[in-house]
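Engineer: First, the structure itself, so that you have it in front of you.
The values are calculated or read from the model by the stated rules, or taken from the named source; none is laboratory data. Note that the structure is a prediction, hence the values are computed from the model and not measured. Please note: Cβ atoms are built from the backbone with ideal geometry, for glycine as well, and neighbour counts cover all protein chains shown. To get the accessible areas, we keep the full protein, side chains included, count just its heavy atoms, and leave off ligands, DNA and RNA. Shrake-Rupley method; radii C 1.70, N 1.55, O 1.52, S 1.80 Å.
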Amino acid sequence: SQQGEEDPQALSIQEGENATMNCSYKTSINNLQWYRQNSGRGLVHLILIRSNEREKHSGRLRVTLDTSKKSSSLLITASRAADTASYFCATAGGGGADGLTFGKGTHLIIQP
Amino acid sequence: EPEVTQTPSHQVTQMGQEVILRCVPISNHLYFYWYRQILGQKVEFLVSFYNNEISEKSEIFDDQFSVERPDGSNFTLKIRSTKLEDSAMYFCASRLANTGELFFGEGSRLTVL
């Protein structure tokens, strides 16, 4: 089954606007994480939210988790050109599985 | 700031050849991983490694793949006989024992001709 499906697949907004990306998953999880990837580079961890948490903040990032709907959202406020990247959600399994399952990602473009 | 380093950054090989990708995880991390990303596709889990043994592997990680931690710092991924479909970016990652956050290297791009 597909796990960690993000939408939209691509998002283009003006600098200063807020960007919202969504992620849905199918199985139970321990935690859900968001990563950023600049083109051709490695993934950078942004934020982790545990299955018993509903919302978490880190700087301009806000993540929500709704385990009843098996969904999460990542909000980037006051976007900057440097936020242009692909954003992936990744789930850590509730059955003790160690590997993260990544979604296909949202490609975010911030227009200056 | 400590980082995960990977070598080579790019390797081109002929189909059927053996390839070894190398990683130096962050020194006090205990869990090590390999992931791959075929161009334009999602990042896929290959294998996790803890306490000198594989703790979990995916369906992708078949008998052609192996991992090794030959000394206290390196963590390698070997592909015994490469196939065209092994062409991808391979990422190494590591983490501490008590956090879920993974630290990724910049990746090794493997091109199989």
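Engineer: How big a patch of accessible area, both sides summed and in Å² to the nearest 100, lies buried between A and B at a 1.4 Å probe?
Structural biologist: 1500 Å²
Engineer: Please state, as a whole number in µm²/s, the translational diffusion coefficient that the Stokes-Einstein equation yields for chain A at 10 °C and 1.306 mPa s, with Rh defined as the Kirkwood radius across alpha carbon pairs.
Structural biologist: Using the Kirkwood radius from Cα pairs, D works out to 114 µm²/s.
Engineer: Please give the per residue accessible area of the stretch B:5-112, computed with a probe of 1.4 Å over protein heavy atoms only, in Å².
Structural biologist: 49 Å²
Engineer: Roughly how many percent of the accessible protein surface of chain A is carbon and sulfur, given a 1.4 Å probe and a whole-percent answer?
Structural biologist: Answer for chain A is 44 percent, counting heavy atoms of protein chains only.
Engineer: Give the aspartates and glutamates reachable from B:LYS83 as a straight Cα distance under 15 Å; neighbours fewer than 8 places away on the same chain don't count.
Structural biologist: B:GLU18, B:ASP62, B:ASP63
Engineer: Can you put B:TYR50, A:TYR25 in order of accessible area, largest first, using a 1.4 Å probe?
Structural biologist: B:TYR50, A:TYR25
Engineer: Another question, if that's okay. Normalised by the residues of chain A, what does the relative contact order come to in percent, with Cα pairs under 8 Å and at least six apart?
Structural biologist: In percent, rounded to a whole number, it is 38.
Engineer: Ok, one more. Under 5 Å between amide H atoms, partner at least 5 residues away or on a different chain: which partners does A:ASN30 have, H built in plane at 1.01 Å?
Structural biologist: A:ALA92, A:GLY93, A:GLY94
Engineer: Now a separate question. For the stretch B:88-113 and the stretch B:31-49, what is the centre-to-centre distance using only Cα atoms, to the nearest Å?
Structural biologist: Here the answer is 7 Å between Cα centres.
Engineer: How much of the accessible area of chain B, probe 1.4 Å, is carbon plus sulfur, in whole percent?
Structural biologist: Carbon-and-sulfur percentage of accessible area, whole number: 46.
Engineer: Here's a follow-up. May I ask for the net charge around B:TYR50, where only other residues with Cβ less than 15 Å from the Cβ of B:TYR50 are counted and Lys, Arg are +1 while Asp, Glu are -1?
Structural biologist: Net local charge, B:TYR50 excluded: -1.
Engineer: I'm a student and want to see the number: the projected area of the Cα convex hull of chain B, averaged over all directions, in nm².
Structural biologist: 6.9 nm²
Engineer: Say a site is exposed when it is one of the trypsin sites (Lys or Arg not before Pro), sits in a DSSP loop, and has at most 14 other Cβ atoms within 10 Å; what is then the longest site-free stretch of chain B?
Structural biologist: B:1-79
Engineer: Let's see if you can work this out: charge +1 on each Lys and Arg Cβ, -1 on each Asp and Glu Cβ, no other charges. What is the dipole magnitude of the stretch A:1-46 about its Cα centre, in debye to the nearest 20?
Structural biologist: Computed charge dipole of the stretch A:1-46: roughly 240 debye.
Engineer: What are the residues of the stretch B:97-113 that lose 30 Å² or more of accessible area, with a 1.4 Å probe, going from their chain alone to all protein chains?
Structural biologist: B:GLY100, B:GLU101, B:LEU102, B:PHE104, B:GLU106
Engineer: Tell me the GluC sites (Glu not before Pro) within the stretch B:9-56 that lie in a loop according to DSSP and have at most 15 other beta-carbon atoms within 10 Å.
Structural biologist: B:GLU18
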